[in-house]
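Accompanying notes for the structure given below.
Readers should treat all values here as calculations from the given coordinates under stated rules, not as data from a laboratory. All figures in this text were calculated on a predicted structure; none of them were measured in a lab. Cβ placement follows ideal geometry from the backbone for every residue including glycine, while neighbour counts extend to all protein chains displayed.
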């Protein structure tokens, strides 16, 4: 299987100052990878690098030909101005086809069909004529996912997507991502502070603290030193989890194989 994105000892930074160093990781088709870490750990910098907004200062970043052709769907954190955007749902979703449209002044029939299919998939077709800023936070996120899927069906990159959502909307959002990943084969790469759901939903965890502290299967992460330290910091209040964040119980193992609960 050819990775969609592969980092080999990659560094990213600004103004001759590395913010992330020696990253080894890959995103394969169908992966669900969550990036976790404290504030200032380099998560946003790594994301910008994977999106091609920053060039590596060291190492090798490889993007598959398939992904170069289809592009990446990106869902950034929403600002207040973005939430108040004065456009209809259909107009917002269609804007995901801009890279396909090129210099043409109008969207093609095929592009409108793609937008319609993605709105149907996300359950927002009845909202298509409503103004985006009139929607709830959960509905807005569905619109933005549909927009991102108009750009690509290969990989979605999401930056703290549940921020500001109520508990019900959070669970609906995760269910939607689960369907896209498991039924449609869309690879998911998500930065999140929501540790409980990150571990339950993802198949891989990348724990970043300017360098990789853990990278591997989600079920192995719970027994790692990186997880133990991170959860302890949250329990002490040094990290501020976002809405919907719950700290799972850890099952650490001592040298003699006995289990310790934390």
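What to note about this one:
- With both residues required to sit in the chain, DSSP beta bridges show an antiparallel share near 55%.
- FRET efficiency for residue 98 and residue 125, using Cβ-Cβ distance with R0 set to 35 Å, rounded to 0.05: 0.95
- Extended-chain gain in nm, criterion 0.36 nm per residue less alpha-carbon gap, residue 55 and residue 203: 50.5 nm
- Equivalent-ellipsoid semi-axes of segment 5-220, from the Cα gyration tensor, Å, largest first: 29, 20, 16
- Stretching residue 229 away from residue 65 to a fully extended chain increases their span by 55.2 nm, per 0.36 nm per residue minus the current alpha-carbon distance.
- Fully extending the segment from residue 117 to residue 87, taken as 0.36 nm per residue of separation minus the present Cα-Cα distance, adds 8.9 nm.
- The order of the peptides 108-120, 22-34 by mean Cβ neighbours within 10 Å, most packed first, is 22-34, 108-120.
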